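*Asks:* Take a look at this one; I'll ask things after.
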Amino acid sequence: MKKTAIIAWGLALLIIVIVFAQVFQSILNLSPDQDVLTQVNAFVFFLVLPSFAVVAALIVSRQPRNVIGWLLYLPGFALLINVEPYIRSFAVLPPNPPLRLVLSAWAQGWGWLLVIFPLFFIPLLFPTGRPPSPRWRWLVYFGIGLCVVFFFLVTFQNTFNMADFGANWSLPNPIGFIPLDEYQGIFFILWGAGLFSMAVLCVASLFVRYRSASLVEREQIKWLLYACVMFAVFYSAAFPFNVVQWNVTNISRFFNLYWAISMIGIPVSIGIAVLRYRLWDIDVLIRRTLIYGALTLTLALVFLGAVTLLQTVFAAV
């Protein structure tokens, strides 16, 4: 158990060191005209991966056989192959691309799997680290199969297209034989359909588990659902500002800040649920969130109504 705890906290420390090295680099490159709220947003987003790593270490050091703890490490491991800054450093493709550039282009193509698939597997395996029943085990193999297929396609595509990563060039793959058009065509469409199906089924499995769960498991599931709902609410609120780029700068920054905080809430809620720390407080938390949320919404509507009314009155005067 001591060896497991050392490994668990060692992995967490590695992720934390890498994150804060990036924070330090960002501080060096900080623009002097950035306001405080933008800096706070950036710092909170940097805390997301360390929060996953710390919760992962807490779970693995206490319950090493629970897969949930190990899954929480994977988004942090994606930092180890964060090669986008290196790719962006090349304005044009060099005549003789170095091996590091080829490997970076390859890693950039599949590294995001380490972030996406743990988020799918956690609802399926939460909170015990096993599917709700043996009948759901096939979904685990299906998800692993999707990863293997995508890894194969990325590894053997004949061209690495860097347009999505801010580079205005493409890189030939020395071992590739799958045409890029086919990779981005029918193969990717079928794979995307499989990914969407898996996401829906993993979420459905959590509700199936809830129906047949014991009282303790139901409280554990409530914690995860509460965190996911809060994330969905703030993500939905921030999405229009980030995509449509409405000219309401301070409001969008506040929504992004709450969105980042809600992301941190996901690993925290998982840690509370799996370790059963203050497990029964979830009902109080949900009740207070509904009350204060309704009160905040009411006050916001009253404020907007008052501002609109005063603008109309003064315009008439």
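*Asks:* Tally time: how many residues in the range 78-96 are open to solvent by 50 Å² or more (accessible area, probe 1.4 Å) and touching a Leu at 6+ places or on another chain (Cβ under 9 Å)?
*Replies:* 2
*Asks:* Could you tell me whether any residue of the range 266-278 is over 26 Å from Gly69 (Cα atoms), of a type in the set (Lys, Arg) and modelled with pLDDT of 70 or more?
*Replies:* The answer is no, given that none of the residues of the range 266-278 is over 26 Å from Gly69 (Cα atoms), of a type in the set (Lys, Arg) and modelled with pLDDT of 70 or more.
*Asks:* If I filter the range 162-175 down to residues being open to solvent by 90 Å² or more (accessible area, probe 1.4 Å) and at pLDDT 70 or above, which single residue comes out as nearest to Pro85 (Cα to Cα)?
*Replies:* Asn168
*Asks:* Which one is nearest to the chain's Cα centre (by Cα), of the residues in the range 59-73 that are of a type in the set (A, V, I, L, M, F, W, C) and open to solvent by 50 Å² or more (accessible area, probe 1.4 Å)?
*Replies:* Result: Trp70.
*Asks:* Looking only at residues in the range 1-19 that are open to solvent by 50 Å² or more (accessible area, probe 1.4 Å) and part of a helix (DSSP H, G or I), which one is nearest to Leu58 (Cα to Cα)?
*Replies:* Checked the range 1-19; the qualifying residue nearest to Leu58 (Cα to Cα) is Trp9.
*Asks:* Now for a different question. Is there a residue in the range 176-191 that is open to solvent by less than 20 Å² (accessible area, probe 1.4 Å) and modelled with pLDDT of 90 or more?
*Replies:* So far as the range 176-191 goes, no, none of its residues is open to solvent by less than 20 Å² (accessible area, probe 1.4 Å) and modelled with pLDDT of 90 or more.
Conditions tested, residue by residue: (1) touching a helix residue (DSSP H, G or I) at 6+ places or on another chain (Cβ under 7 Å); (2) at pLDDT below 90; (3) at positive phi; (4) not basic (Lys, Arg).
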| position | (1), (2), (3), (4) |
| --- | --- |
| Ala42 | yes, yes, no, yes |
| Phe45 | yes, yes, no, yes |
| Val55 | yes, no, no, yes |
| Val60 | yes, no, no, yes |
| Pro75 | yes, yes, no, yes |
| Ala78 | yes, yes, no, yes |
| Pro94 | no, yes, no, yes |
| Pro98 | no, yes, no, yes |
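*Asks:* Could you please tell me which pairs satisfy a Cβ distance under 9 Å, a separation of 6+ or placement on different chains, a first residue in the range 66-89 that is touching a residue at least 24 places away in the same chain (Cβ under 8 Å) and over 19 Å from Ser104 (Cα atoms), and a second residue that is of a type in the set (Lys, Arg) and assigned to a helix (DSSP H, G or I)?
*Replies:* What qualifies is Gly69/Arg62.
*Asks:* Could you figure out which of (1) out of contact with any helix residue (DSSP H, G or I) (no Cβ under 8 Å at 6 or more places or on another chain); (2) open to solvent by less than 40 Å² (accessible area, probe 1.4 Å) isn't true of Ala105?
*Replies:* The failed condition is (1).
*Asks:* Restricting to the range 267-283, give me the number of residues that are open to solvent by 50 Å² or more (accessible area, probe 1.4 Å) and assigned to a helix (DSSP H, G or I).
*Replies:* Looking only at that region, the number is 5.
*Asks:* Here is a further query. For the range 128-178, which positions are within 20 Å of Ala193 (Cα to Cα) and hydroxyl-bearing (Ser, Thr, Tyr)?
*Replies:* Passing the criteria: only Tyr141.
The values are calculated or read from the model by the stated rules, or taken from the named source; none is laboratory data. Just so it is clear, the structure is predicted and the values come from calculations on it, not from any experiment. Positions of Cβ are backbone-derived with ideal geometry, glycine not excepted, and every protein chain shown enters the neighbour counts. We work out accessible area using only protein heavy atoms, side chains counted, and drop any ligands, DNA or RNA first. Shrake-Rupley method; radii C 1.70, N 1.55, O 1.52, S 1.80 Å.
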